[in-house]
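Please read the structure below before turning to the comments.
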Amino acid sequence: MVSTHPVGVQNSGKKYLPQSPIDHPGISPNQSLLPLTAQVNSSDHLEIGGCDVKQLVEQFGSPLYILDEETLRTACRQYRDSLKLYYPGESQVLYASKAWSCLAVCAIASSEGLGIDVVSGGELHTALTAGVDPDKIYLHGNNKSTEELTFAIDSNCTIVVDNWYELETLVKLGSAAKPVRIMLRLTPGIECHTHEYIRTGHLDSKFGFHPEQLAEVFAFVSQQDTLNCIGVHAHIGSQIFERQPHRDLAAVMVQWLSLAKNHGLDISELNVGGGLGIRYTESDDPPSIEEWVKPICEVIKTACEQENIPLPKLLCEPGRSLIATSCVTAYTIGSSKEIPGIRTYITIDGGMSDNPRPITYQSVYRAVLANKMSASATETVTVAGKHCESGDILIKNAQLPKTQPGDILVVNATGAYNYSMSSNYNRLARPAAVLVRNGEANLILRRENYQDLIRQDCIPERLKK
Ligand code: LLP
């Protein structure tokens with residue numbers, strides 16, 4: 001998506017970016033740098049979902065999260081349809097809503113038949129309010145409060161139990177008349193190559209039971225008439241490009257099912273978590289959604305045949321690969337600073353508060369100038385945020401055309417863990433988000449205003465002026 005790339009010209013007279021679905025039918029959204037509907041219109045502006053990005057900023061303000069419905073729905077369908085194609089048993093995709101939890105996103109995922117993975121009472125409330133079927137909601141978390149557990153039980157969701165303390169709490173919260181529906185989360189001891197903060201499957205992880213505890217956990221659970229254990233779960237990490245770790249995981253998990261059977265437990269669900277990576281830059285080369293799903297299905301099928309156990313219902317819970325590519329963030333360029341012989345900074349009107357991933361994980365993004373799409377990338381600049389923090393750098397050494405104040409900088413693949421990890425640092429108001437589709441734009445998150453920023457503040461009487 002760097003603008004030195006050639007831009008193909010289609011019959012309609014519109015110019016399409018290199019990876020548009022028109023050039024590459026059937027592309028997996030996680031392998032695209034921009035949303036699938038991205039194109040360049042006759043004003044030389046970036047268009048997403050049939051909407052001119054510059055006009056969107058004029059209408060909804062800046063910065064702006066722009067979510068392309070087509071890309072999100074395509075990713076949902078590719079997961080759902082790949083499972084149907086390669087897995088002969090029942091299957092269910094869950095959207096890991098920690099990637100971006102809001103009503104509209106939950107409603108879209110749910111309308112595509114997906115369930116939702118939630119990790120807090122807040123995410124659970126969001127999914128329920130969006131109308132998601134509680135049978136398809138799974139509550140995660142390594143320290144769920146009693147209030148959160150009760151909320152999930154009362155709502156008829158499934159609870160993915162992380163540890164002994166939680167298991168013992170649930171034994172007391174359930175009743176024989178209404179046993180609590182649970183799954184057990186295990187840490188499989190599978191290493192994968194990703195940032196250490198987002199690896200979860202290695203043994204030294206705060207999540208889940210150690211596999212050596214499994215027999216004991218199964219024995220305990222099988223004695224409890226207040227619990228109904230329906231499955232096992234594991235998640236090994238995020239932004240993973242290799243396929244072998246999930247193959248290994250699938251094989252190990254079938255062994256767990258065999259062990260459960262030996263304890264007289266009738267476990268019918270197996271959840272392999274999420275973790276498929278996406279293309280943030282040209283050099284990222286993740287497998288497609290289909291390429292990720294297929295081997296997992298094959299390993300489970302073969303292993304179940306070998307163990308002579310029935311096929312479990314297969315679940316997976318992707319977050320990033322479902323939503324990251326669907327969204328871009330549009331910013332307005334303001335000041336700049338040239339330090340001769342060192343670098344040139346250009347500054348945007350957001351930063352680490354709307355995208356904390358570069359400062360947290362040293363994540364790398366790409367950007368284009370949405371109002372000058374065919375200009376050549378002649379400059380190397382560092383895109384800085386507006387926060388009072390030197391580390392608030394969005395992109396180091398970005399290749400861009402010459403910029404001016406007022407230009408619209410669009411950063412790619414900001415749908416996952418951007419809004420959901422956003423903050424009000426320096427009391428910046430969170431941006432708005434719009435959903436775009438077929439030339440129509442709908443607000444899905446209202447822009448915060450100054451009043452929102454002090455809404456929760458309380459001032460003791462004696463401090464009032
Ligand atoms: N299931 C569980 C239990 C998880 O913990 C996660 C992510 C997922 C599913 C979804 O994983 P995904 O498909 O998105 O890789 N904030 C970090 C990512 C943290 C991931 C946490 N768990 C980032 O911005 O890279």
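All of the numbers you see were taken from the coordinates with simple rules; none came from a lab. Computed from a predicted model, the values in this text were never measured in an experiment. Every residue, glycine as well, gets a Cβ built from its backbone with ideal geometry; the counts of neighbours run over all protein chains shown.
Could you go through the range 96-110 in sequence order and give the Karplus-derived ³J(HN,Hα) for each residue, using 6.51 cos²θ - 1.76 cosθ + 1.60 with θ = phi - 60°, rounded to whole Hz, and x for Gly and Pro?
Taking θ as phi minus 60°, the curve returns 6, 6, 4, 5, 6, 9, 7, 4, 5, 5, 4, 5, 5, 4, 5 Hz for the range 96-110.
Pull up the cross-link candidates among the aspartates and glutamates for Lys261, meaning alpha carbon to alpha carbon under 18 Å and not fewer than 8 places away within one chain.
Glu212, Glu216, Asp225, Glu269, Glu305, Glu307
Extending each Cα 7 Å along its Cβ direction at Lys402 and Glu338, get the distance between those two points in nm, one decimal.
Going by the 7 Å Cα→Cβ label model, 0.9 nm.
With a cut-off of 8 Å between alpha carbons and a minimum separation of six or more residues, what is the relative contact order of the range 70-323 in percent?
RCO, the range 70-323: 22 percent.
How much of the DSSP beta bridge set in the chain is antiparallel, as a percent to the nearest 5?
Details: 35 of 71 bridges.
The antiparallel proportion sits near 50 percent.
Tell me the label-point distance for the pair Gln244, Leu463, using the 7 Å Cα-to-Cβ offset, in nm and rounded to one decimal.
It is 5.7 nm.
Which residues' amide hydrogens lie under 5 Å from the amide hydrogen of Val161, considering only partners 5 or more residues apart or on another chain, with H built in the peptide plane?
Under 5 Å from the amide H of Val161 lie the amide H atoms of Met183, Leu184, Arg185, each far enough along the sequence or on another chain.
Give me the extension gain from Leu453 to Tyr345: residue separation times 0.36 nm, minus the current Cα-Cα distance, reported in nm with one decimal.
Stretched out fully, the Leu453 to Tyr345 stretch lengthens by 36.0 nm.
Considering amide H positions built from the backbone, and no H for Pro or chain starts, which residues 5 or more places from Lys313, or on another chain, come under 5 Å of its amide H?
Amide H to amide H, under 5 Å and 5 or more residues apart or across chains, Lys313 pairs with Glu269, Leu270.
Extending each Cα 7 Å along its Cβ direction at Asp284 and Asn438, get the distance between those two points in nm, one decimal.
Going by the 7 Å Cα→Cβ label model, 3.0 nm.
Lysines near Lys386 by alpha-carbon distance under 30 Å, same-chain residues fewer than 8 away left out - which ones?
Hits, sequence-local ones excluded: Lys54, Lys98, Lys337, Lys372, Lys396, Lys402.
Projected area of the chain, taken from the Cα convex hull and averaged over every viewing direction, in nm²?
Over every viewing direction, the Cα hull of the chain projects on average to 25.1 nm².
What's the center-to-center distance, using Cα atoms, between the range 72-125 and the range 340-372 in Å?
The distance from the Cα centre of the range 72-125 to that of the range 340-372 comes to 30 Å.
Output ³J(HN,Hα) for the range 273-289: one whole-Hz value per residue in order, computed from phi by the Karplus curve 6.51 cos²θ - 1.76 cosθ + 1.60 with θ = phi - 60°, and x for Gly and Pro.
Values per residue, Gly and Pro as x: x, x, x, 4, x, 10, 8, 8, 10, 4, 7, 6, 9, x, x, 6, 4 Hz.
Sort 220-230, 314-324 for me by packing, meaning the mean count of neighbouring Cβ atoms within 10 Å per residue, highest on top.
Output ranking for 220-230, 314-324: 314-324, 220-230.
Rounded, prolate or oblate for the range 74-216? Axes are the square roots of the Cα gyration tensor eigenvalues, ordered a ≥ b ≥ c, and the cut-off for rounded is a/c under 1.5.
Note, shape of the range 74-216 comes out oblate.
Quick one: compute the contact order of the chain, relative version, from alpha carbon pairs under 8 angstrom and 6+ residues apart, as a percent. Display every interim value, and only then the final one.
Numbers: 1068 pairs, mean separation 94.2, N = 465.
Contact order relative to length: 20 percent.
Quick one: of the DSSP bridges fully inside the range 70-323, what percent are antiparallel, nearest 5?
Looking only at bridges with both residues in the range 70-323, the antiparallel portion is about 5 percent.
First measure r as the distance between the Cβ atoms of Thr380 and Gln223, then evaluate 1/(1 + (r/R0)^6) with R0 = 60 Å and state the FRET efficiency to the nearest 0.05.
About 0.40, to the nearest 0.05.
Starting with the highest mean, order 279-286, 67-74 by the number of other Cβ atoms within 10 Å, averaged over the residues of each peptide.
67-74, 279-286
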